Amino acid sequence: MPTTRSTARRAWPSVAVSAAVALLAACTPDDGPEPAPGPSVTTATAAPSEPAETSSPAPEPGLVVVPEVRVDVAEVAAGLPAPWGLAALADGTLLVSLRDERRLVVVDPATGAVEPVTGPGADDLRDGTVARGEAGLLGVAVGPADGAAPGEVFVYRTAAGGNEVLRGTLTGRELSALTPIVQGIPAASTHDGGRLAFGPDGYLYVTTGDAQQRGASQVAGALNGKILRLTVDGGPAPGNPDPASPVWSLGHRNVQGVAWDVTGRMLVSEFGQDTFDELNVVVPGGNYGWPEVEGVGGASSGFVDPVATWATSDASPSGLAVTREGAYLAGLRGETLWRVPFASPEGGASADAFGAPQAVLTDRGRLRAVLVDPATPLGDDGRAVLYVLTNNTDGRGDPRDGDDRLLRVAVTPAG
């Protein structure tokens, strides 16, 4: 595990939100053979609305150091075909995106009932999303109740013109017509990023993959290989490194997990190419090295080093959730829920602030997403409840009867 960290800051040219799409053919998939392509579909899009600002709530203190935990697992729902995104709705239910079927469903964690989302927005997702390989209907987020778009639904999908972020209103189980807020993010059959999450500052964070264009991750004016920080209407959020750009950090290969701890520290999980997967602490303007560095580059590299790494066969980390005592990464190829414990109650951005990774769930196959249950308070002793999506029906796994599943994972300190 690395013990040094350096942060590179570079000049930031403005980024055009309508960047050109690139669909390249040759690539090493992140976690196995690529499924057969699906049909290409064309959709009409609308112009983005004007940016809006929101306030930044103060972060809540309270990290704890817990050397070991145990987990208790219960099945919430089964029969979910290739689920990808996972977000909590205000009524306590969970919104799940189905990548290849290009649709949303709502799961009631109390009963396990699965209801389809309908309405004009659902029709748009079905007809306007291109599902092939790792592309399709990916991330989903819900605007926080105290934010600029309370309860609004945001989705990341692959369209004929590239990856894009859309916004709509969910009333009951009916989704309104969707408004694009970001379009033209380069897309490909692999490395599409796709995770959406609202930060403690109230802004929307969007992870993009390099879309098989390795060098674009180091190009500040390209949208691929980046983390974007946006207002709910798609404009660059106030406080970005370049006020005219949505880019928050660069030098990423394929980030598919993003979360914050209770101190406001931002963590992301990232697929490596051949050698190392990564857990990173993200700082504004940070350059994370891809494709020049995979894993630890050291202080002399000028890039930000990861705080934890894995062999790509052990992880292929997708979703990420953070509790008071650690970070939890959903592993695809590694078929493991990994825990990276916090080693300091004060947090910190160096590898010394984190313990060695621990495998805490290894018998459910491929894991795609993990979410802290917002209805269960985080315990001062490290107790937490997580929701985890398995991903064995995405064309790369070994499906079992009932796959894929939504699991409830209760975390308690060991001993």
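Summary table
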item	result
For the chain: accessible area per residue (Å², 1.4 Å)	34 Å²
Cα gyration tensor shape of the stretch 340-380, rounded if a/c is under 1.5, else prolate or oblate by comparing a/b with b/c	oblate
Stretchable slack from Asp127 to Thr362, in nm (0.36 nm times residue separation minus alpha-carbon distance)	81.0 nm
For the stretch 297-343: relative contact order, % (alpha-carbon pairs under 8 angstrom, 6 or more apart)	28 percent
Options Ser176, Ala216, Pro83, ranked by Cα towards positive dipole end of the stretch 81-228, top entry (Cβ charges)	Ala216
Rounded percent of accessible protein surface that carbon and sulfur make up, the stretch 261-415, 1.4 Å probe	48 percent
Principal semi-axes in Å for the chain [√(5λ), Cα gyration tensor, largest first]	27, 26, 21
The stretch 272-415 - charge dipole about Cα centre, Lys and Arg +1 at Cβ, Asp and Glu -1, debye rounded to 20	400 debye
The stretch 118-194: Cα Rg divided by the 2.2 N^0.38 Å rule of thumb	1.08
Solvent-accessible area, 1.4 Å probe, carbon plus sulfur percent, for the stretch 121-250	53 percent
About the Cα centre, charge dipole magnitude for the chain (Lys/Arg +1, Asp/Glu -1 at Cβ), debye	460 debye
The stretch 350-409 versus the stretch 153-169: alpha-carbon centroid distance in Å	25 Å
Net length gained if the chain between Thr118 and Leu89 were fully extended (0.36 nm per residue, minus Cα distance)	8.9 nm
Taking the chain and dividing mean pair separation by its residue count, relative contact order in percent (alpha carbons under 8 Å, at least six apart)	20 percent
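The values are calculated or read from the model by the stated rules, or taken from the named source; none is laboratory data. Quick caveat, the model's predicted, so the values are computed rather than measured. Virtual Cβ from ideal backbone geometry, glycine too; neighbours counted across all protein chains shown. Protein only, heavy atoms only, side chains kept; ligands, DNA and RNA dropped before computing areas. Shrake-Rupley method; radii C 1.70, N 1.55, O 1.52, S 1.80 Å.
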